[in-house]
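As structure tokens, the structure follows; a few thoughts come after it.
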Amino acid sequence: MNETQFQEDFYTEPFQPVRLHLVSGKTLDVLRPDMVMPLRDRLMVFRKMAKDGRFAEGYDVIALHSIERMERLDIGKPVTGKRKRA
């Protein structure tokens with residue numbers, strides 16, 4: 001993924017959470033837009049942000065070319081379909 005593709009896919013209004021699938025097989029969830037700090041050809045993705053957005057437990061720095069794809073997450077939307085009884 002290049003910088004232009006990332007900007008087109010990530011910066012949509014209103015923001016929708018995404019899961020970044022990396023070529024290594026690792027995934028990173030970006031639940032809020034302030035969890036990402038774009039750099040020239042990399043992203044700094046903060047982990048486990050506090051609700052007030054002031055602190056993070058850590059971060060990952062990933063190269064844009066290591067992002068295989070982005071998946072939109074439907075967080076907060078009701079799940080449809082039948083559930084199996086326990």
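The values are calculated or read from the model by the stated rules, or taken from the named source; none is laboratory data. For clarity, every value in this text was computed on a predicted model and none was experimentally measured. Here the Cβ positions follow ideal geometry from the backbone for every residue, glycine too, while neighbour counts run over all protein chains shown.
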Original post:
Filtering the stretch 1-41 down to residues that are under 17 Å from residue 72 (Cβ atoms) and acidic (Asp, Glu), which residue is modelled with the highest pLDDT?
Top reply: 29
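Select from the stretch 42-58 the residues that are surrounded by 15 or more Cβ atoms within 10 Å (Cβ to Cβ) and modelled with pLDDT of 80 or more and write down the one among them that is nearest to residue 18 (Cα to Cα). Give the derivation first.
Residues of the stretch 42-58 that are surrounded by 15 or more Cβ atoms within 10 Å (Cβ to Cβ), as a first pass: 42-43, 45-46, 49, 56.
Now narrow it down to the ones that are modelled with pLDDT of 80 or more: 42-43, 45-46, 56.
On the way: 42: 17, 43: 14, 45: 12, 46: 14, 56: 18 Å.
Among those residues, the one meeting the criterion is 45.
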Original post:
Taking the stated definitions as given, is residue 76 loosely packed, with under 13 Cβ neighbours inside 10 Å and modelled with pLDDT under 85?
Top reply: yes
